[in-house]
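S.K.: I have a structure I would like to understand better, so I am pasting it below and will then ask my questions one at a time.
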Amino acid sequence: MHSKLIQGNTEMQNEMEEKFENWRGEEAISGKHGGIKAASIACVVEVMENMVFLAYSTNFMMYFTKSMHYPSAQAANMVTNFIGTSFLLTIFGGFVADSFLTRSAAFVIFCSIELLGLILLTLQAHYPKLQPHGDKTPSTLQATILFTGLYTVATGVGGVKGSLPAHGGDQLGSRNQRLISGFFNWYYFSVCFGGLLAVTVMVWIEENKGWSSSFYITTAILASALFIFSVGFPMYRFKRPIGSPLIRMVDVLVSAARNRNRFVTDAEITPSHNSTDKSIHYNKFKFLNKAKLNNKISAIHIEETRTFLALQPIFLSTIVMNCCLAQLATFSVQQGMAMNKKLSRSFEIPVASLNAIPLFCMISSLALYELFGKRILSSNDERSSSFNLKRIGCGLALSSVSMAVAAIVEVIRKHEAVHNNIKISVFWLEIQFVLLTFSDMLTLGGMLEFFYREAPASMRSISTALGWCSTAMGFFLSSVLVDVINAVTGWLRKEDLNESRLELFYVVLCVLNTLNLFNYIFWAKRY
């Protein structure tokens, strides 16, 4: 009963805070502005944007090694650093969307930035003078153009992914939790469908028609996505930012620190009967209550801080899993290049296209869940935080299994290559691809919905960005682990995989992720 009252208070608070306008600055009209049709545009645009992003990020390992002639280890770090930066910048994009712009305006600006970066990469791929000749690595000018284009794209991707999910959720309001849950499932369906198109159609174009053609097509698709989103402005509803929530958080923390030794009675810092600061996290971080001694800080500001801090252990516990996920774009690609990729005498499957089967399975499972699964699950199970926490935990467990399988497959591949001079089928990699892809579906899909639901209304862009930021930190951690393991053991220094000890690297990741799973369970039980 008490938990229901808390939920009701929280929902009423969110509705009071959420005052929406139309694109002309007038009060939004229910039925005319927002709704399912407006939210569905975000899903359509995400299909196109994620198709563009994954079209190059999943196959950049080939581009950097074959076209730009970087060594494999350096190329692997370039890939993980690019993807990591893209997702890390979602925090910046979410901050801008929550603090200074509407979420729709933030999307338009950052999508335009991503488009400019793509145009620069397209020009480099088109003109031979801007590419290295022979087996030489890029010159200073060529490398400058490459990295400028890459990180302009990364900045745009960060802003787009930091603002678009929260914008879509805003079109539906916070009272109908089932509708919100449905939106995030279909949004992740869009992420997966865009990925499926990327690793099939776009990777085939990159492998057979060249990177120049691929960049032309992805540029046109992204420009179309920007146009489609802009057309929907008259039907959107917008929430005007009321200042930076991060600055308010800092004010709360500073005030609590200054008053930490001050003796006060419970009545001075305990919320009144009608206070909004009665969330499920009230008994956590009680030291923040002393911030109320500052008359400029309200109970809502303290609750924002308390809620955001409570999300951090969940966020931090998912980073190692994304370190495992990073291998699909790096060493798994390198493994595939050393395996038999022929389906027939005339057709070879691109390694990056191995993602197609698990992505198709994910798309099917998400659609079946939305159409039939909700009738099986009780509304209480579906709407509870524990449902998404369990979903994330299952994803973390699957990633440990995937790394164990990856180590076994590498042992088999190397044994056959070294002792029997046989290249085993590339489809041996499909097992780890399937496990890691489903792990990502459970973890990231659960995080996006969990963080949106749990976050204060004024911090939803930043909070949903935590899901993408976890991916970023995982990719950066992968780069650090590769450098550390190379420095200590030298397992991954050899260009020839048959002389490397990649299987031991996978074992290290399996052990780290299993330990991290126990850490996650500890924090999830206390949320």
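The values are calculated or read from the model by the stated rules, or taken from the named source; none is laboratory data. Given the structure is predicted, the values throughout are model-derived calculations rather than measurements. Neighbour counts are summed over all protein chains in view; Cβ atoms, including those assigned to glycine, are modelled from backbone coordinates with ideal geometry. SASA here: full protein model, heavy atoms, side chains in, ligands and nucleic acids out. Shrake-Rupley method; radii C 1.70, N 1.55, O 1.52, S 1.80 Å.
S.K.: Any chance you could count how many residues in region 286-313 are in a loop (DSSP other than H, G, I, E, B) and surrounded by 16 or more Cβ atoms within 10 Å (Cβ to Cβ)? Explain how you work it out, then say what you get.
M.R.: Step one: of region 286-313, the residues in a loop (DSSP other than H, G, I, E, B) are 294-298.
Within this subset, residues satisfying the condition of being surrounded by 16 or more Cβ atoms within 10 Å (Cβ to Cβ) are 294, 297-298.
Within region 286-313, residues that are in a loop (DSSP other than H, G, I, E, B) and surrounded by 16 or more Cβ atoms within 10 Å (Cβ to Cβ) number 3.
S.K.: OK, next. Six or more apart or on different chains, Cβ under 9 Å: which pairs go from a residue in region 171-195 that's on the phi < 0 side of the Ramachandran plot to one that's assigned to a loop (DSSP other than H, G, I, E, B) and crowded, with 22+ Cβ neighbours inside 10 Å? Could you list them?
M.R.: Note: pairs meeting the criteria are GLN171/TYR236; GLN171/ARG237; PHE183/GLN171; GLY195/THR58.
S.K.: Out of the residues in region 84-103 meeting the condition of being open to solvent by 10 Å² or more (accessible area, probe 1.4 Å) and within 17 Å of the chain's Cα centre (by Cα), tell me which one is farthest from THR152 (Cα to Cα).
M.R.: If we take residues in region 84-103 being open to solvent by 10 Å² or more (accessible area, probe 1.4 Å) and within 17 Å of the chain's Cα centre (by Cα), then PHE95 is farthest from THR152 (Cα to Cα).
S.K.: Only residues in region 412-426 that are without any contact (Cβ under 8 Å) to a residue 12 or more places away in the chain and assigned to a loop (DSSP other than H, G, I, E, B) count as the first member; pair them with residues that are surrounded by 15 or more Cβ atoms within 10 Å (Cβ to Cβ) and of a type outside the set (S, T, N, Q), Cβ under 9 angstrom, at least 6 apart or cross-chain, and list the lot.
M.R.: ILE422/GLU416
S.K.: Looking at ILE119, is it out of contact with any Pro (no Cβ under 9 Å at 6 or more places or on another chain), part of a helix (DSSP H, G or I), among the β-branched types (Val, Ile, Thr) and over 30 Å from PHE183 (Cα atoms)? Working first, answer last.
M.R.: On the way: out of contact with any Pro (no Cβ under 9 Å at 6 or more places or on another chain): yes; part of a helix (DSSP H, G or I): yes; among the β-branched types (Val, Ile, Thr): yes; over 30 Å from PHE183 (Cα atoms): yes.
Taking the combined requirement at face value, the residue satisfies it.
S.K.: When the residues of region 232-291 are narrowed to those that are closer than 30 Å to VAL108 by Cα and among the β-branched types (Val, Ile, Thr), which ends up modelled with the lowest pLDDT?
M.R.: Within region 232-291, the first condition is being closer than 30 Å to VAL108 by Cα, and the residues that meet it are 232-250.
Those still in the list that are among the β-branched types (Val, Ile, Thr) too: 242, 247, 250.
Working: ILE242: 75, ILE247: 88, VAL250: 91.
Going through the qualifying residues, I end up with ILE242.
S.K.: Here's a follow-up. Could you list all residues from region 314-324 that are crowded, with 24+ Cβ neighbours inside 10 Å and part of a helix (DSSP H, G or I)? Before the answer, list the steps.
M.R.: Looking only at region 314-324, we keep the residues that are crowded, with 24+ Cβ neighbours inside 10 Å, and these are 318, 320-324.
Scanning region 314-324 gives VAL320, MET321, ASN322, CYS323, CYS324.
S.K.: Is at least one residue of region 191-204 open to solvent by less than 10 Å² (accessible area, probe 1.4 Å), polar (S, T, N, Q) and in a helix (DSSP H, G or I)?
M.R.: At the first step, the residues of region 191-204 found to be open to solvent by less than 10 Å² (accessible area, probe 1.4 Å) are 192, 194-195, 198-199, 202-203.
Now drop any that are not polar (S, T, N, Q), which leaves none.
No, because not a single residue in region 191-204 is open to solvent by less than 10 Å² (accessible area, probe 1.4 Å), polar (S, T, N, Q) and in a helix (DSSP H, G or I).
S.K.: Under 26 Å from the mean Cα position of the chain (by Cα), assigned to a helix (DSSP H, G or I) and free of Cβ contacts under 8 Å to residues at least 12 places away in the same chain: does that describe PHE476?
M.R.: Working: under 26 Å from the mean Cα position of the chain (by Cα): yes; assigned to a helix (DSSP H, G or I): yes; free of Cβ contacts under 8 Å to residues at least 12 places away in the same chain: no.
Spelling it out, it is not the case that PHE476 is under 26 Å from the mean Cα position of the chain (by Cα), assigned to a helix (DSSP H, G or I) and free of Cβ contacts under 8 Å to residues at least 12 places away in the same chain.
S.K.: Could you check THR137 against (1) assigned to a helix (DSSP H, G or I); (2) hydroxyl-bearing (Ser, Thr, Tyr); (3) open to solvent by 10 Å² or more (accessible area, probe 1.4 Å) and say which number it fails?
M.R.: Evaluating THR137 over (1) assigned to a helix (DSSP H, G or I); (2) hydroxyl-bearing (Ser, Thr, Tyr); (3) open to solvent by 10 Å² or more (accessible area, probe 1.4 Å) leaves (1) as the failure.
S.K.: What is the one condition in (1) touching a residue at least 24 places away in the same chain (Cβ under 8 Å); (2) assigned to a helix (DSSP H, G or I) that GLN74 does not satisfy?
M.R.: Of everything listed in (1) touching a residue at least 24 places away in the same chain (Cβ under 8 Å); (2) assigned to a helix (DSSP H, G or I), GLN74 misses just condition (1).
S.K.: List the number of the failed condition for LEU448; all other conditions in (1) touching a Lys or Arg at 6+ places or on another chain (Cβ under 6 Å); (2) closer than 20 Å to ILE363 by Cβ hold.
M.R.: Single failed check for LEU448: (1).
S.K.: Please determine whether any residue of region 493-505 is at pLDDT 90 or above, of a type in the set (S, T, N, Q) and surrounded by fewer than 20 Cβ atoms within 10 Å (Cβ to Cβ).
M.R.: yes
S.K.: Can you pull out every residue in region 485-514 that is among the hydrophobic types (A, V, I, L, M, F, W, C) and without any contact (Cβ under 8 Å) to a residue 12 or more places away in the chain? Spell out the reasoning first.
M.R.: From region 485-514, those among the hydrophobic types (A, V, I, L, M, F, W, C) are 485, 487-488, 491-492, 497, 502, 504-505, 507-512; that's our starting set.
Across region 485-514, the qualifying residues are ALA487, VAL488, VAL511.
S.K.: Just wondering, is there one or more residues in region 54-69 that are modelled with pLDDT of 90 or more, outside any helix (DSSP H, G or I), surrounded by fewer than 24 Cβ atoms within 10 Å (Cβ to Cβ) and out of contact with any strand residue (DSSP E or B) (no Cβ under 6 Å at 6 or more places or on another chain)?
M.R.: yes
S.K.: Answer yes if at least one residue in region 400-423 is within 13 Å of THR318 (Cα to Cα), surrounded by 17 or more Cβ atoms within 10 Å (Cβ to Cβ) and out of contact with any strand residue (DSSP E or B) (no Cβ under 7 Å at 6 or more places or on another chain), and no otherwise.
M.R.: Taking region 400-423 and keeping what is within 13 Å of THR318 (Cα to Cα), we get 400.
When the remaining residues are screened for being surrounded by 17 or more Cβ atoms within 10 Å (Cβ to Cβ), the result is 400.
With out of contact with any strand residue (DSSP E or B) (no Cβ under 7 Å at 6 or more places or on another chain) added as a condition, the list becomes 400.
Looking for residues that are within 13 Å of THR318 (Cα to Cα), surrounded by 17 or more Cβ atoms within 10 Å (Cβ to Cβ) and out of contact with any strand residue (DSSP E or B) (no Cβ under 7 Å at 6 or more places or on another chain), one finds at least one in region 400-423, hence yes.
S.K.: Are there any pairs, at least 6 apart or on different chains, whose C-beta atoms fall under 9 Å, with the first in region 351-369 and open to solvent by 40 Å² or more (accessible area, probe 1.4 Å) and the second assigned to a helix (DSSP H, G or I) and of a type in the set (D, E, K, R), and if so, which?
M.R.: ILE357/GLU430
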